[in-house]
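In what follows, a single structure is set out as structure tokens and then discussed.
What follows draws every value from the coordinates through simple rules; no lab data is involved. All values reported here derive from a predicted model rather than from experimental measurement. Cβ atoms come from the backbone with ideal geometry, glycine included; neighbour counts cover every protein chain shown.
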Amino acid sequence: MSLNNNPFTGVAVCVFKANKILLGRRNKMPDINSWQCPGGLLKTGESVFDCAQRLVLYKTGLNVQNFQYGPYTNNRFIQDDFHSITLYVSAEYLNGELDASNYSGAEDWQWFKLNELPEPLFLPLDILYKEHGVWLASVVE
């Protein structure tokens, strides 16, 4: 993907359980080995919340509820020649056991306190944390 083309539109889900956020380590480009929220690309005709539910279930095996719109980030991965816009939503854990067997693009899904996030963070999540940390904190409270 060249920066001269249109950016991709992604949806990332901040899944919360007991005041912790779910993150997994990426196994693919861009930003390999960084920590991310469950997410992926929005399909044509799909609602943001339908996309969020689909991606969380597929990538983690978890069911979530109570979706809320969040901020967006404009992500320019210069080193990987990739550009995306990420639409963030929050959701609460409903049920299920962590199972990433359907998806090989991330591993090691874990629950983290917001003040104890692993490093490095996936660029969109890093931008979200730096620019919209107040939003994240308000969702957890």
Can you give me the distance in nm between label points at Tyr58 and Lys130, each placed 7 Å from the Cα along the Cα-to-Cβ direction?
3.0 nm
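Nearest 20 debye, what's the magnitude of the dipole of the chain about its Cα centre given +1 on Lys and Arg Cβ and -1 on Asp and Glu Cβ? Before the final figure, lay out the partial values.
Values: 11 positive and 15 negative charges, 21 e Å.
So the dipole magnitude of the chain works out to roughly 100 debye.
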Just to confirm the number: angle between the C-alpha axis of helix 48-60 and the first principal axis of the chain, 0 to 90 degrees, nearest 10?
80 degrees
Whole-number percent relative contact order across segment 1-68, with pairs defined as alpha carbons under 8 Å at least 6 apart
28 percent
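Taking the beta-carbon count within 10 Å as an exposure proxy, list Leu87, Leu41 from fewest neighbours to most.
Values: Leu87 20, Leu41 13.
By the 10 Å Cβ count, ascending, the order reads Leu41, Leu87.
For a quick check: sort Tyr129, Tyr69, Tyr88, Tyr93 by the number of other beta carbons within 10 angstrom, fewest at the front.
Numbers: Tyr129 15, Tyr69 11, Tyr88 26, Tyr93 19.
By the 10 Å Cβ count, ascending: Tyr69, Tyr129, Tyr93, Tyr88.
Just tell me the longest site-free run in the chain, where the sites are trypsin sites (Lys or Arg not before Pro) in a DSSP loop having at most 13 other beta-carbon atoms within 10 Å.
On the way: sites that count: Lys28, Lys43, Lys113.
No qualifying site falls inside 44-112, the longest such stretch.
Relative contact order for the chain: what is it in percent, counting Cα pairs under 8 Å that are at least 6 residues apart? It would help to have the intermediate numbers written out before the result.
Values: 288 pairs, mean separation 47.0, N = 141.
After rounding, I find 33 percent.
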Bounding extents of segment 8-140 in its principal axis frame from Cα atoms, largest first in Å, are 37, 31, 28
If amide H atoms are built 1.01 Å from N in the plane of the peptide, which residues on other chains or at least 5 residues away come under 5 Å of the amide H of Leu121?
Trp35
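Considering only DSSP beta bridges where both residues belong to the chain, give the percentage that are antiparallel (nearest 5).
So the antiparallel bridges amount to about 70 percent of the total.
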Calculate how steeply helix 123-140 sits against the longest principal axis of the alpha-carbon atoms of the chain, using the helix alpha-carbon long axis, and give the answer as 0 to 90 degrees to the nearest 10.
30 degrees
